[in-house]
Ligand SMILES: C[S@@+](CC[C@H](N)C(=O)[O-])C[C@H]1O[C@@H](n2cnc3c(N)ncnc32)[C@H](O)[C@@H]1O
């Protein structure tokens, strides 16, 4: 059965709130100290960024036009454009909704972690979770982006992502 809401450190979230810790740990295990500046695209309230900064000493910022981050979480209240991706060592899209394509486009120039939520990729098709991951992988392949599918340890089905590495030719 799927959890619709959950509490984490006194705050209520849609879906499994364990995702923030799991994703932060995955980032650290994958990139260690080889990265510093992170963009948490569509970061919502900013719990992921808070953990990345406080527990792992990264410099993460939420970019989300909704502008309702928790107190003390660095944020830019604007829509994300992949044009700004080169400023970051890692672009994360954890359930990034309308920003999904801009996160995927970021993979052409920097490291990314994209955990899509619903089909904001191609509105002309009905794409379930697996088909959506397949379409984004195909896009990466077409652009010579090296990526790996990852299953993260929080409640599914929205716990599958693609981690990608900046290519040597992407500047
Ligand atoms: C499903 S919520 C996910 C929030 C958070 N990542 C989490 O896991 O709780 C989707 C978020 O996408 C944001 N969003 C929508 N369009 C965006 C865009 N173009 N650029 C950045 N964020 C966007 C919304 O404001 C919303 O906060």
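A few notes on this one:
- Within the stretch 9-36, the set of residues being part of a loop (DSSP other than H, G, I, E, B), on the phi > 0 side of the Ramachandran plot and away from the ligand (no atom under 11 Å from the Cβ) comprises 9, 10.
- Remark: pairs (first residue in the stretch 24-37, modelled with pLDDT of 95 or more; second residue crowded, with 16+ Cβ neighbours inside 10 Å; Cβ separation under 6 Å; 6+ apart in sequence or on different chains) = 24/51; 24/52; 28/56; 35/89; 35/90; 36/89; 37/88; 37/89.
- Residues in the stretch 136-169 that are part of a helix (DSSP H, G or I), surrounded by 16 or more Cβ atoms within 10 Å (Cβ to Cβ) and out of contact with any helix residue (DSSP H, G or I) (no Cβ under 7 Å at 6 or more places or on another chain): 137, 140.
- Cβ pairs under 6 Å, 6+ apart, first in the stretch 51-74 and closer than 16 Å to residue 92 by Cβ, second more than 15 Å from the ligand (Cβ to nearest atom): 52/58; 56/28; 59/36; 59/37; 60/53
- Of the residues making up the stretch 75-94, not a single one is within 18 Å of residue 11 (Cα to Cα), at pLDDT 95 or above, assigned to a loop (DSSP other than H, G, I, E, B) and within 9 Å of the ligand (Cβ to nearest atom).
- Of everything listed in (1) within 10 Å of the ligand (Cβ to nearest atom); (2) surrounded by 14 or more Cβ atoms within 10 Å (Cβ to Cβ), the single unmet condition for residue 6 is (1).
- Considering only residues in the stretch 109-126 that are more than 12 Å from the ligand (Cβ to nearest atom) and not in a loop (DSSP other than H, G, I, E, B), the one that is surrounded by the fewest Cβ atoms within 10 Å (Cβ to Cβ) turns out to be 111.
- Checking residue 106 against (1) away from the ligand (no atom under 11 Å from the Cβ); (2) within 26 Å of residue 127 (Cα to Cα); (3) surrounded by fewer than 19 Cβ atoms within 10 Å (Cβ to Cβ), the condition it does not meet: (3)
The values are calculated or read from the model by the stated rules, or taken from the named source; none is laboratory data. Given the structure is predicted, the values throughout are model-derived calculations rather than measurements. Please note: Cβ atoms are built from the backbone with ideal geometry, for glycine as well, and neighbour counts cover all protein chains shown.
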